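A short worksheet on the structure shown next.
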Amino acid sequence: MGIDGIGKPPAPGPVDPAAATSAKTGATFEATAGAKAESASGSDALSRLRSGQISTDEYLEDRIDHAVGHLTAQLSPEQLQFVKDTLREQLSQDPVLVELARRATT
């Protein structure tokens with residue numbers, strides 16, 4: 001019969017989200033003002049959609065461009081286009097994403 005806790009690694013303690021790092025890259029992840037700007041950008045595009053200035057397709061294209069914006073420096077133009085095309089395809093074929101897009105744009 002074993003005794004609980006003996007021979008096991010210690011239980012993980014609380015994690016400080018501001019100091020969280022990626023084990024693979026060593027990059028530090030922090031919430032920044034960029035997240036607020038991203039939210040404002042999404043709100044701006046949504047308000048333009050609701051006011052009729054842009055179509056639903058233009059809104060979704062804006063969201064796709066925004067979603068892959070951080071990849072422009074890391075991927076070739078062909079790879080970036082492939083990612084965008086895949087996102088477009090998923091938005092048009094995945095029933096869950098179709099419903100989410102419908103809810104977000106109505």
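Would you please classify the overall shape of the range 43-106 from the alpha carbon gyration tensor, given that a ≥ b ≥ c denote the square roots of the eigenvalues, rounded means a/c under 1.5, and beyond that prolate means a/b larger than b/c while oblate covers the rest? Write down the numbers at each step before the final one.
Details: a/c = 2.72, a/b = 1.49, b/c = 1.83.
Oblate is the answer for the range 43-106, as a/c is 1.5 or above yet b/c matches or exceeds a/b.
Residue 88 versus residue 65, label points 7 Å from Cα toward the beta carbon: distance in nm?
Simple spin-label model gives 1.3 nm for this pair.
Values quoted throughout were computed directly from the atomic coordinates according to the rules given, and no laboratory measurement underlies them. If you're wondering where the values come from, they're calculated on a predicted model, not measured in any experiment. Heads up, the Cβs are rebuilt from the backbone with ideal geometry, glycines too, and the neighbour counts pull from every protein chain shown.
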